[in-house]
Amino acid sequence: MKAPPVQSVWNLFTACYVSAVRTSAIFVWALGLLLGAPAPQSAGAEPKPVLQSIRRENYPCTIHVIKVPRTRQFEFRSLHADGKALGLESLSGQMKHANGEKFLAAINGDFYVRQGPYEGDPRGLQMVRGEMISAPSGGASFWIDASDQPHTGITTSKLRVELPDGSNTPIELNAPGEDNTVVLYTPTAATEIRSRGSELILERDGASQWLPLKPGRILTARVREVKKGGRVQIAPDVMVLSFGRRAKVPALAKGATLKINTETEPGLRGVSEAISAGPVLVREGKRVPVKAPKSDSYVFSSMTESHPRSAIGWNDEFYFLVSVDGRKPDSVGLSLDELSRELIKLGCTDAMNLDGGGSATLWFEGKIRNYLCDGYERKIANGLGVVELTEKK
């Protein structure tokens, strides 16, 4: 049999080599998917959010990370149970109230009231599409300003009511309140509340700014009705100013006017989405040491122990939605100091802790991606979702 030409043998060798390389590349890519490595982006395609699961060496801990490109193609949406300021619902369920937008990723949010008539009341600030549904409480918050720039920091409320005699009284927003406090309820809170003592039903006065409630505004309200005791209805066009049983109630009659000031520190005018939790863990690339609360040893111990964790962070290129598995033998969780170190390793220049434990929930492309230590998806107050815009801004 005549031997084939040298060139033919070389061509055959080359073809086999290329085929083997391609097969190996496909194998490596598939193995990467199984191990949690992000799939490669197609050449020329717009960058997309990707999920990666990381197993830390020499320590039983699994970290799940969703990296979201910081482009105008993707935006955050602040979510709340049932689309209201009160109530509890799973993170998966909360995304169903967002006007049919296409969600790609989501993570749980703030600490909250667990039970009772005000269950689901977030501990701190929450803003949804520019509406303030929960006021700052002096803790850490995450927000994106009118220029699409992210921030974390301490936010405090300066909300107050200015009475006709010129006096000012601090007010809370959509919250349980104490017997000596004054609370403003908006239609976003609920359609009905229990009387806390005495209530003023407020309507818009003339052309004053009104609902939805936005920060940094002064609203002029007219007293539509004065009530005491029983159940109080909140119509879509009114707000209710509720005075606790030991709070000083002004002698106002139907038709009287007063002003509602929604100032905050820092000012949040123009902010669309915001959520609280804390503490801040990373600032300008450096770890922020965790400090003990003044009077809550239980809270501090939970900060220093290993637990499931959630966090939001970013750098110049990406946002990071981070969830740490915990309370199981092969992934015990992290303390907050350990979490801050891991966030820096991931590339975060700034980051804030979110509620953890059984509330820690990470959702990506239709599925829960982290280990749920309760064995099921817990009902929570709020969260942060990422949507893909159908039209670029």
- Message: Report every pair of residues separated by at least 6 positions or lying on different chains whose Cβ atoms are under 8 Å apart, first residue within the range 369-389 and within 10 Å of N108 (Cα to Cα), second among the basic types (K, R).
- Response: L384/R77; G385/R77
- Spot the failing condition for A30; the list is (1) in a loop (DSSP other than H, G, I, E, B); (2) at pLDDT below 95; (3) open to solvent by less than 50 Å² (accessible area, probe 1.4 Å), and only one is missed. (1)
- Item | Scan of the range 184-219 for residues that are of a type outside the set (F, W, Y), crowded, with 18+ Cβ neighbours inside 10 Å and under 24 Å from the mean Cα position of the chain (by Cα), ordered by number | L184, T186, P187, T188, A189, A190, L213, K214, P215
- Somewhere in the range 33-40, is a residue of a type outside the set (K, R), touching a His at 6+ places or on another chain (Cβ under 9 Å) and modelled with pLDDT under 95? yes
- Note on the structure: When every residue in the range 220-246 that is within 31 Å of the chain's Cα centre (by Cα), in a loop (DSSP other than H, G, I, E, B) and not β-branched (V, I, T) is compared, the one surrounded by the fewest Cβ atoms within 10 Å (Cβ to Cβ) is P236
- Give me the pairs, please: first residue somewhere in the range 115-138 and farther than 19 Å from L211 by Cβ, second residue anywhere and charged (D, E, K, R) and not in a strand (DSSP E or B), beta-carbon distance under 7 Å, and either six or more positions apart or on two chains. P122/D110; R123/D110; G124/D110; S137/R123
- Go through (1) at negative phi; (2) in a loop (DSSP other than H, G, I, E, B); (3) in contact with a strand residue (DSSP E or B) (Cβ under 7 Å, 6 or more places away or on another chain); (4) not aliphatic (A, V, I, L, M) one by one and return the number of the condition G138 breaks. (1)
- Would you check which residues across the range 154-167 are assigned to a strand (DSSP E or B), polar (S, T, N, Q) and either crowded, with 22+ Cβ neighbours inside 10 Å or without any contact (Cβ under 8 Å) to a residue 40 or more places away in the chain (or both) and list them? S157
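The values are calculated or read from the model by the stated rules, or taken from the named source; none is laboratory data. This is a predicted model, so every value here is computed, not measured. Every residue, glycine among them, receives a Cβ derived from its backbone with ideal geometry; neighbour counts consider all protein chains shown. Just the protein is used for accessible areas: all its heavy atoms, side chains included, with ligands, DNA and RNA removed. Shrake-Rupley method; radii C 1.70, N 1.55, O 1.52, S 1.80 Å.
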